[in-house]
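Below: the structure, in C-alpha coordinates.
The values are calculated or read from the model by the stated rules, or taken from the named source; none is laboratory data. Remember, predicted model here, so these are calculated numbers, not experimental data. As a convention, Cβ positions derive from the backbone with ideal geometry for all residues, glycine included, and neighbour counts pool all protein chains shown. Side chains are part of the model used for accessible areas, which takes the heavy atoms of the whole protein and leaves out ligands, DNA and RNA. Shrake-Rupley method; radii C 1.70, N 1.55, O 1.52, S 1.80 Å.
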Amino acid sequence: MGASISSSFAREVVPERFEVEPRASLLLFKMSELAASFFPLVKFDYAEALWRIAIRHEGEPAWFAVKCDLDHPVVRALGARLVRYPTRAARIVGSEGRWSVRTEAASLELGVSDEDAAPVPPLRRIFVPGGYEIPWDEVPPARARSARIKVTDDALVRATLGEDAKLDAMGVVHRGRTHMCGFARRP
(Lines give C-alpha, C1' and ligand atoms only; values in the text may rest on other atoms or scores of the structure.)
Protein backbone atom coordinates (compact mmCIF):
# COMPACT_ATOMS: atom_id res chain seq x y z
CA MET A 1 0.00 0.00 0.00
CA GLY A 2 1.16 3.48 -0.74
CA ALA A 3 1.72 6.39 1.61
CA SER A 4 2.29 10.09 1.28
CA ILE A 5 5.34 11.48 3.09
CA SER A 6 7.02 14.85 3.29
CA SER A 7 9.74 15.68 0.76
CA SER A 8 11.98 16.87 3.58
CA PHE A 9 11.70 13.53 5.43
CA ALA A 10 12.44 11.59 2.23
CA ARG A 11 15.49 13.74 1.48
CA GLU A 12 16.73 13.38 5.06
CA VAL A 13 16.57 9.56 4.92
CA VAL A 14 17.58 8.76 1.33
CA PRO A 15 21.23 9.18 0.22
CA GLU A 16 21.95 12.15 -2.07
CA ARG A 17 22.81 9.95 -5.06
CA PHE A 18 19.11 9.12 -5.49
CA GLU A 19 16.29 11.37 -6.60
CA VAL A 20 13.41 11.18 -4.11
CA GLU A 21 9.67 11.26 -4.51
CA PRO A 22 7.32 12.20 -1.64
CA ARG A 23 5.78 8.71 -1.73
CA ALA A 24 6.40 5.57 0.24
CA SER A 25 5.16 2.00 0.27
CA LEU A 26 4.41 -0.53 2.96
CA LEU A 27 4.60 -4.16 1.88
CA LEU A 28 3.04 -6.54 4.40
CA PHE A 29 3.42 -10.26 3.81
CA LYS A 30 3.71 -13.71 5.31
CA MET A 31 6.37 -16.05 4.02
CA SER A 32 6.06 -19.82 4.21
CA GLU A 33 8.97 -22.22 4.08
CA LEU A 34 11.77 -19.72 3.48
CA ALA A 35 14.94 -21.68 2.71
CA ALA A 36 18.44 -20.52 1.89
CA SER A 37 20.02 -22.10 -1.18
CA PHE A 38 23.11 -23.03 0.88
CA PHE A 39 21.01 -24.85 3.54
CA PRO A 40 17.71 -25.93 1.96
CA LEU A 41 16.63 -28.37 4.70
CA VAL A 42 15.96 -25.65 7.30
CA LYS A 43 12.81 -23.65 6.54
CA PHE A 44 11.19 -20.70 8.30
CA ASP A 45 7.72 -19.18 8.36
CA TYR A 46 7.62 -15.49 9.23
CA ALA A 47 5.81 -12.21 8.68
CA GLU A 48 7.38 -8.98 7.42
CA ALA A 49 6.54 -5.31 7.09
CA LEU A 50 8.86 -3.63 4.57
CA TRP A 51 8.81 0.19 4.59
CA ARG A 52 10.16 1.79 1.37
CA ILE A 53 10.55 5.27 -0.06
CA ALA A 54 10.05 5.82 -3.79
CA ILE A 55 13.27 6.91 -5.49
CA ARG A 56 14.78 7.13 -8.95
CA HIS A 57 18.07 5.44 -9.74
CA GLU A 58 19.60 6.38 -13.09
CA GLY A 59 16.19 7.73 -14.12
CA GLU A 60 14.31 4.50 -13.34
CA PRO A 61 11.78 4.03 -10.51
CA ALA A 62 13.22 2.14 -7.54
CA TRP A 63 12.76 1.77 -3.77
CA PHE A 64 14.94 2.67 -0.81
CA ALA A 65 14.25 0.43 2.21
CA VAL A 66 13.80 2.50 5.37
CA LYS A 67 12.93 -0.29 7.80
CA CYS A 68 12.18 -4.00 7.70
CA ASP A 69 10.04 -5.26 10.59
CA LEU A 70 10.43 -9.02 11.09
CA ASP A 71 8.77 -11.26 13.64
CA HIS A 72 11.22 -14.20 13.55
CA PRO A 73 14.57 -13.62 15.34
CA VAL A 74 16.63 -15.89 13.05
CA VAL A 75 15.17 -14.37 9.88
CA ARG A 76 15.72 -10.89 11.38
CA ALA A 77 19.41 -11.66 12.07
CA LEU A 78 19.92 -13.10 8.58
CA GLY A 79 18.05 -10.17 7.02
CA ALA A 80 20.32 -7.68 8.77
CA ARG A 81 23.54 -9.54 8.01
CA LEU A 82 23.06 -11.04 4.54
CA VAL A 83 20.41 -8.83 2.96
CA ARG A 84 21.50 -5.73 4.91
CA TYR A 85 17.97 -4.61 5.65
CA PRO A 86 17.62 -2.07 8.46
CA THR A 87 15.70 -4.60 10.57
CA ARG A 88 13.54 -4.06 13.62
CA ALA A 89 11.93 -6.61 15.95
CA ALA A 90 8.16 -6.74 15.63
CA ARG A 91 5.16 -8.82 16.49
CA ILE A 92 3.17 -9.16 13.27
CA VAL A 93 -0.24 -10.74 12.97
CA GLY A 94 -1.83 -10.85 9.54
CA SER A 95 -4.97 -12.38 8.15
CA GLU A 96 -7.24 -11.89 5.17
CA GLY A 97 -8.94 -8.89 6.76
CA ARG A 98 -6.70 -7.51 9.49
CA TRP A 99 -3.01 -6.70 10.08
CA SER A 100 -1.21 -5.67 13.24
CA VAL A 101 2.46 -4.67 13.45
CA ARG A 102 3.82 -3.91 16.91
CA THR A 103 7.35 -2.78 17.68
CA GLU A 104 8.79 -1.72 21.01
CA ALA A 105 8.06 1.93 20.20
CA ALA A 106 4.77 2.00 18.25
CA SER A 107 2.10 0.00 16.46
CA LEU A 108 0.06 -0.18 13.29
CA GLU A 109 -3.45 -1.65 13.14
CA LEU A 110 -5.40 -1.83 9.91
CA GLY A 111 -8.28 -3.60 8.26
CA VAL A 112 -8.24 -4.78 4.64
CA SER A 113 -11.30 -5.45 2.50
CA ASP A 114 -11.01 -6.69 -1.09
CA GLU A 115 -12.58 -4.72 -3.89
CA ASP A 116 -12.04 -5.26 -7.64
CA ALA A 117 -9.30 -6.92 -9.67
CA ALA A 118 -6.14 -4.80 -9.85
CA PRO A 119 -2.98 -4.86 -11.92
CA VAL A 120 0.14 -6.21 -10.24
CA PRO A 121 2.53 -3.29 -9.62
CA PRO A 122 5.74 -3.51 -11.67
CA LEU A 123 8.95 -4.62 -9.99
CA ARG A 124 11.44 -1.96 -8.93
CA ARG A 125 15.05 -2.30 -7.87
CA ILE A 126 15.55 -2.05 -4.09
CA PHE A 127 18.40 -0.26 -2.36
CA VAL A 128 19.32 -0.23 1.34
CA PRO A 129 21.53 1.93 3.57
CA GLY A 130 25.26 1.44 3.11
CA GLY A 131 25.18 1.57 -0.70
CA TYR A 132 23.82 -1.93 -1.33
CA GLU A 133 21.19 -3.25 -3.72
CA ILE A 134 18.98 -6.26 -2.97
CA PRO A 135 18.40 -8.70 -5.84
CA TRP A 136 14.62 -8.98 -6.01
CA ASP A 137 12.28 -11.00 -8.17
CA GLU A 138 8.91 -12.63 -7.92
CA VAL A 139 6.53 -14.96 -9.67
CA PRO A 140 3.42 -12.83 -10.15
CA PRO A 141 0.45 -13.77 -8.00
CA ALA A 142 -2.39 -15.83 -9.36
CA ARG A 143 -4.70 -13.06 -8.23
CA ALA A 144 -4.31 -9.38 -7.35
CA ARG A 145 -7.14 -7.30 -5.94
CA SER A 146 -7.48 -3.68 -5.01
CA ALA A 147 -8.29 -3.38 -1.32
CA ARG A 148 -9.80 -0.72 0.89
CA ILE A 149 -7.52 0.04 3.86
CA LYS A 150 -8.94 1.25 7.17
CA VAL A 151 -6.24 2.33 9.61
CA THR A 152 -7.18 2.34 13.30
CA ASP A 153 -3.69 2.99 14.73
CA ASP A 154 -1.03 4.72 12.61
CA ALA A 155 1.63 5.52 15.23
CA LEU A 156 4.12 3.14 13.56
CA VAL A 157 3.55 4.82 10.16
CA ARG A 158 4.51 8.20 11.61
CA ALA A 159 7.41 6.73 13.63
CA THR A 160 8.86 5.08 10.51
CA LEU A 161 8.01 7.51 7.69
CA GLY A 162 7.84 10.85 9.50
CA GLU A 163 5.16 12.80 11.33
CA ASP A 164 3.42 13.87 8.09
CA ALA A 165 3.14 10.30 6.71
CA LYS A 166 -0.29 8.93 5.90
CA LEU A 167 -1.24 5.57 4.40
CA ASP A 168 -3.47 5.58 1.32
CA ALA A 169 -7.07 4.42 1.64
CA MET A 170 -6.51 1.84 -1.13
CA GLY A 171 -3.86 -0.81 -1.68
CA VAL A 172 -3.24 -4.04 -3.59
CA VAL A 173 -3.55 -7.55 -2.15
CA HIS A 174 -1.49 -10.32 -3.80
CA ARG A 175 -2.37 -13.95 -3.16
CA GLY A 176 -0.13 -16.78 -4.25
CA ARG A 177 2.90 -14.58 -4.99
CA THR A 178 6.34 -16.21 -4.91
CA HIS A 179 8.97 -13.86 -3.53
CA MET A 180 12.69 -14.22 -4.27
CA CYS A 181 15.20 -12.00 -2.51
CA GLY A 182 18.97 -12.43 -2.61
CA PHE A 183 22.00 -11.31 -0.62
CA ALA A 184 22.87 -7.62 -0.73
CA ARG A 185 25.45 -6.60 -3.30
CA ARG A 186 27.13 -3.43 -4.47
CA PRO A 187 25.38 -2.11 -7.62
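From 77, 105, which residue is assigned to a loop (DSSP other than H, G, I, E, B) and at pLDDT below 95?
After applying the criteria, what remains is 105.
When region 32-50 is examined, which residues are found to be exposed (fewer than 15 other Cβ atoms within 10 Å of the Cβ), within 23 Å of residue 103 (Cα to Cα) and either at pLDDT below 70 or not small (Gly, Ala, Ser) (or both)?
Across region 32-50, the qualifying residues are 44, 45.
Yes or no, residue by residue, for (1) open to solvent by less than 20 Å² (accessible area, probe 1.4 Å); (2) free of Cβ contacts under 8 Å to residues at least 40 places away in the same chain; (3) over 22 Å from residue 43 (Cα atoms):
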position	(1), (2), (3)
76	no, yes, no
143	no, yes, yes
175	no, yes, no
178	no, no, no
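So, residue 29, is that one assigned to a helix (DSSP H, G or I), among the aromatic types (Phe, Trp, Tyr) and open to solvent by less than 50 Å² (accessible area, probe 1.4 Å) or not?
Considered against the rule, which asks whether it is assigned to a helix (DSSP H, G or I), among the aromatic types (Phe, Trp, Tyr) and open to solvent by less than 50 Å² (accessible area, probe 1.4 Å), residue 29 comes out as no.
For region 104-141, name all the residues that are surrounded by 14 or more Cβ atoms within 10 Å (Cβ to Cβ) and among the aliphatic types (A, V, I, L, M).
Hits for region 104-141 are 106, 108, 110, 112, 118, 126, 128, 134.
Residue 183 is checked against (1) in contact (Cβ under 8 Å) with a residue 40 or more places away in the chain; (2) open to solvent by 60 Å² or more (accessible area, probe 1.4 Å); (3) in a strand (DSSP E or B) and fails just one. What number does that condition carry?
Unmet condition: (3).
Checking residue 15 against (1) surrounded by fewer than 19 Cβ atoms within 10 Å (Cβ to Cβ); (2) part of a strand (DSSP E or B); (3) modelled with pLDDT of 95 or more, which test does it fail?
Among (1) surrounded by fewer than 19 Cβ atoms within 10 Å (Cβ to Cβ); (2) part of a strand (DSSP E or B); (3) modelled with pLDDT of 95 or more, the lone unmet condition for residue 15 is (2).
Could you tell me whether any residue of region 117-133 is part of a strand (DSSP E or B), under 25 Å from residue 45 (Cβ atoms) and not aliphatic (A, V, I, L, M)?
no
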